[in-house]
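Data first, discussion second: the structure below is written as structure tokens.
Just so you know, all these numbers are worked out from the coordinates, no wet-lab data involved. Bear in mind the structure is a predicted one, so any value in this text is a computation, not a measurement. All Cβ positions, glycine included, derive from the backbone under ideal geometry; neighbour counts span all protein chains shown.
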Amino acid sequence: MSLINNRNEESTPEFEVISGGKEDVRSSFADRTEQEAEIDLIDLAWALLDKIHYIVLCFLIGAVIMNAYSYFLVRPTYKSTAKMYVVSASKNSVVDLDALNIGTSLTADYEQLMLSYPVLEQVINKLNLDMDSDTLAKMITLENPTDTRILNINVVSTDPKSARDIANTLMDVSVDYLPKTMSTNAPNVAQKAKLADHKDGPSYTKYTMIGALAGAFLYCMYLVVKYLMDNTIHNRFRDWAVGLWIRVNSGIPAFGLVLSTKDRRTAAAGLRNLKQIVGFL
């Protein structure tokens, strides 16, 4: 008897057949629509969780690769900063209110003119730089701190000496060029740029985090695509659903299919395909 019982348990079909008409079939699958989506998401989450050790491994591999790339292949950069004071003092070294107001409005004009072609070409000629004005302009950043009339000239270069010389030369050229062009008083030199004593970039932490997240993300995308393309169960369900559709439309008493499998992935795949077929009924 035990052998017979075991055989019956092993041969239990994955699908049970229950009697019902067309409306029963529709209502049955309508009730399962939300369950199907929930099963898909839960099953996908379990599929990712099952590979968590590989995800962590890809996270670490990505971090190591990008850290090594930034350390060995990305050239370090250095930044030097010179400062100009936009307002000029009077002869008795007293700054009046009109000069302060003019300085506020001139700051934006200075930023535009200092990065213009005539100024940058003078800097290139004075330093004998092997670059054009567009390339030089990309190395320079002008900043005006809030509520001040200070103009910071920041220069970033892979050569610390070059960064310092460009910042100081640009300031010197601007002090001479701006008053002639704008018919205003010359700005004051507030601070000369000095040689940078530490690297400005690259940020090893930034590269490492980007690599780690990219490694984990790419492997997760691989798992998701693999999960979505796995339709080994789909064909079996399609055959059952096509037979059901033929019976209903030929007047033969219809049958609804109730899923009894314990495999959640099989359930999700089956419900998805059956819902598409039943939609035509």
TODO: With a point put 7 Å past each Cα toward its Cβ, work out how far SER162 is from ALA108 in nm, to one decimal.
DONE: 3.4 nm
- [ ] Go ahead and run the numbers for FRET between TYR117 and VAL189, Cβ-Cβ distance against an R0 of 25 Å, rounding to 0.05.
- [x] 0.60
Open item on the list: Testing the spin-label approximation: label points 7 Å from Cα along Cα→Cβ at VAL74 and MET131. State their distance in nm.
Closed with: 1.8 nm
TODO: Could you calculate the FRET efficiency of ILE52 with LYS199 from 1/(1 + (r/R0)^6), where r is the beta carbon distance between them and R0 is 30 Å, rounded to 0.05?
DONE: 0.25
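Determine, for each peptide in 169-179, 188-198, 211-221, the mean count of other beta carbons within 10 angstrom over its residues, then list the peptides with the highest first.
169-179, 211-221, 188-198
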Task: Approximate spin-label separation GLU143-ASP176, in nm, with each point projected 7 Å along Cα-to-Cβ - done: 2.8 nm
